[in-house]
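This report refers to the structure that appears directly beneath it.
The values are calculated or read from the model by the stated rules, or taken from the named source; none is laboratory data. Please read all numbers here as calculations on a predicted model, not as lab measurements. All Cβ positions, even for glycine, are placed from backbone atoms using ideal geometry, and neighbour counts span all protein chains on display. Ligands, DNA and RNA are stripped out before the accessible areas are found, and what is left, the full protein with its side chains, is counted by its heavy atoms. Shrake-Rupley method; radii C 1.70, N 1.55, O 1.52, S 1.80 Å.
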Amino acid sequence: MMKKLIAVGFIALCVLFLTIEYRGSSEKIERAVANEKDMAGVENGTQIEQATHLFEKVIVLNEEQPIYIKGNALTEVGVVHPNTSFAIVGEDELYYELRFGKISAFIKKGSATVEKRPLETLVNTEVTNSIKTTEQVNVYEEKNLKSSVLLQLSQGFRYPIVGESDGWFVIKVGERAGYIHKKSVEIDEGIPVLVYHHILPKEEMVTNASTVSVQSFEQQMAFLAEEQFTTISTTQLYDYLEGRQIIPVNSILITFDDGLLSTKVYAYPILKEHGFSAVQHIISSRTERFEGEQVFDAKGPLQFFTAEEMQQMKDVFQYEAHTHNLHQFKNGAGIALELSSADIARDLQQNVNMLTNATSLAYPFGHYDEDMIAAMKEVGLLIGFTTNEGYANMQQSNYEVNRFGMTENKTFEQFTSFVKGVDWS
């Protein structure tokens, strides 16, 4: 009898615990229902959440339509399939506007209806990485190759993603989740950023350190032109790093440190010939050494741009920060490492004041610390370029962006491996 009582008591206790657990689960379910619907998939630390919401304006596509982003012109980045629906955030006379991750995208009017309706939406908004397309790629409604195709991504672009789940990459379009099979795309290693200093004819070179011959530079730029590379600005790079930009796979940022006059004589006309832009990181105290236009002397002391020369080349060069007067060595390191963030900020403010809309700083000699980064933030600089070799991508801080240092010691094969994103180590 005692054993039966114990057994009954134990069963009752279990029922009590199960009831409590059920009630707790019910409360969770009710909370989820109140928020409408939850879904989570975890892979590599990424949680994918969805919820059903009622939207005032949802477009329903009647036929296939291109989807565009705006830059200097409209660029087609995909094709939306019929019978798909997306929440829109605005419209004008010609286009519906929706969100592609954090990016504004546009679908032309004329083949869609607009209605109030619920959509299962993706809660995730933070971009975690980006992918590259080497061909047209299907984006599915579910993590299933037999599910409906929402859209096709165009070939040759870098697209931001908001997560990964069960062998799929996840993007967000028109508030909806779209799934891309991992085997159909490549992980984006990042943008190649090249840094040059001195450009001279080979016969006038004294050292290969920090110098590239005119002949090598011409060969490199011709290769970029033949491969149809697009040169981007530091602002575009920043937007890409923040997941706010869809850019071509063949994108590159060309930078020069110090503002040396040799680059006006030799690099500027080559860049202009190919329709390329580039960045010059300027040491502003050195632009004050001379006025007007200088006669270049390859055999004399280094010469730096004047303000007038900078103005002459603004059709090709964008001017960025390289400090006002901190490009100096002391005790084997850049002098900025001995200064407070307030002192560095005063110098950077002088530097920025003589530039137009500076976005980035190239660290003198590649040396930086927490005070340097704090000073950059204070004056509004968004990118810090190091001398570490590698690609500019979302996996690193925007204040520790890699570049490939170009000198005459680098072979043409190394150059092509850098810019094509193949194994270069």
Over the stretch 291-425, calculate the relative contact order: mean separation of alpha carbon pairs under 8 Å at least 6 apart, over the residue count, as a percent.
17
18 Å Cα-Cα threshold exceeded, pairs from 132/172; 102/182; 330/410; 108/132; 102/172
102/182; 330/410; 108/132
Run the numbers for residue 113 and residue 277: contour at 0.36 nm per residue of separation, minus the present Cα-Cα distance, in nm.
54.8 nm
For the stretch 372-383, take each phi angle, set θ = phi - 60°, evaluate the Karplus expression 6.51 cos²θ - 1.76 cosθ + 1.60, and give the result in whole Hz per residue in order, putting x for glycine and proline.
5, 5, 4, 5, 4, 4, 5, 8, x, 7, 10, 10
List the lysines whose alpha-carbon lies under 18 Å from that of residue 109, not counting same-chain residues fewer than 8 positions away?
57, 70
In the chain, what percent of the accessible surface is made up of carbon and sulfur (1.4 Å probe, ligands and nucleic acids excluded)?
50
Could you provide, to the nearest whole Å², the per residue accessible area of the stretch 227-291 with probe 1.4 Å?
35
Between residue 102 and residue 202, what is the label-point separation in nm under the 7 Å Cα-to-beta-carbon projection?
4.5
In the stretch 257-302, what is the volume of the convex hull around the alpha carbon atoms, normalised per residue and reported in Å³?
88
For residue 90, net neighbour charge (Lys/Arg +1, Asp/Glu -1) across residues whose Cβ lies under 11 Å away:
-1
Value of [θ]222 nm, deg cm²/dmol, for the chain, DSSP H segments ≥ 4, -39500 (n - 2.57) each, nearest 500
-7500 deg cm²/dmol
If Lys and Arg each add +1 and Asp and Glu each add -1, what is the summed charge of the other residues whose beta carbon sits under 10 Å from the beta carbon of residue 213?
-3
What relative contact order, as a whole-number percentage, does the chain give when Cα pairs under 8 Å and 6 or more residues apart are counted?
12
Could you give the distance between the Cα centres of the stretch 350-388 and the stretch 232-265, to the whole Å?
15
Would you check the accessible area of residue 367, probe 1.4 Å, heavy atoms only, in square angstrom rounded to 10?
50
Could you check the simple spin-label distance between residue 92 and residue 186, using points 7 Å along Cα→Cβ, in nm with one decimal?
3.5
Which whole-Hz couplings ³J(HN,Hα) result when phi for each residue of the stretch 182-189 is put into the Karplus expression 6.51 cos²θ - 1.76 cosθ + 1.60, θ = phi - 60°, listed in order with x for Gly and Pro?
4, 6, 8, 9, 10, 5, 7, 6
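Could you put 198, 181, 53 in order of accessible surface area, largest first, with the 1.4 Å probe and the full protein assembly present? Write down the numbers at each step before the final one.
Numbers: 198 30, 181 55, 53 75 Å².
Greatest to least solvent exposure: 53, 181, 198.
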Extending each Cα 7 Å along its Cβ direction at residue 396 and residue 60, get the distance between those two points in nm, one decimal.
4.9
For the chain, Kirkwood radius (reciprocal of mean inverse C-alpha pair distance, Å)
24.8
Magnitude of the charge dipole, the chain, Cβ model with Lys/Arg +1 and Asp/Glu -1, debye to 20:
1360
Taking H placed 1.01 Å from N in the peptide plane, check which residues at least 5 places from residue 404 or on another chain put their amide H under 5 Å from its amide H.
193, 194, 195, 390
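Above 21 Å lies some portion of the pair distances; for the stretch 164-269, what is it as a whole percent of all C-alpha pairs?
That tail contains 53 percent of the Cα-Cα pairs.
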Sequence neighbours fewer than 8 away in the same chain don't count; with that in mind, list the aspartates and glutamates whose C-alpha is under 18 Å from residue 264.
204, 218, 273, 288, 291, 293, 297, 308, 309, 315, 320
Heavy-atom accessible area of residue 231 with all protein chains present, probe 1.4 Å, nearest 10 Å²?
20
Trypsin sites (Lys or Arg not before Pro) in the stretch 236-337 lying in a DSSP loop, each with at most 14 other Cβ atoms within 10 Å of its Cβ, come to 289, 299, 314
Residue-wise, which Karplus ³J(HN,Hα) couplings in Hz belong to the stretch 111-117, taking 6.51 cos²θ - 1.76 cosθ + 1.60, θ = phi - 60°, and x for glycine or proline?
9, 8, 10, 10, 8, 8, 6
Using amide H atoms built 1.01 Å from N in the peptide plane, name the residues 5+ places from residue 52, or on other chains, whose amide H lies under 5 Å from its own.
37, 121
Enter the accessible area per residue of the stretch 58-204 (Å², integer; probe 1.4 Å; all protein chains in place).
42
Which residues' amide hydrogens lie under 5 Å from the amide hydrogen of residue 161, considering only partners 5 or more residues apart or on another chain, with H built in the peptide plane?
128, 129, 130, 131
Please report the orientation-averaged projected area of the stretch 270-366, defined via the convex hull of its C-alpha atoms, in nm².
7.5
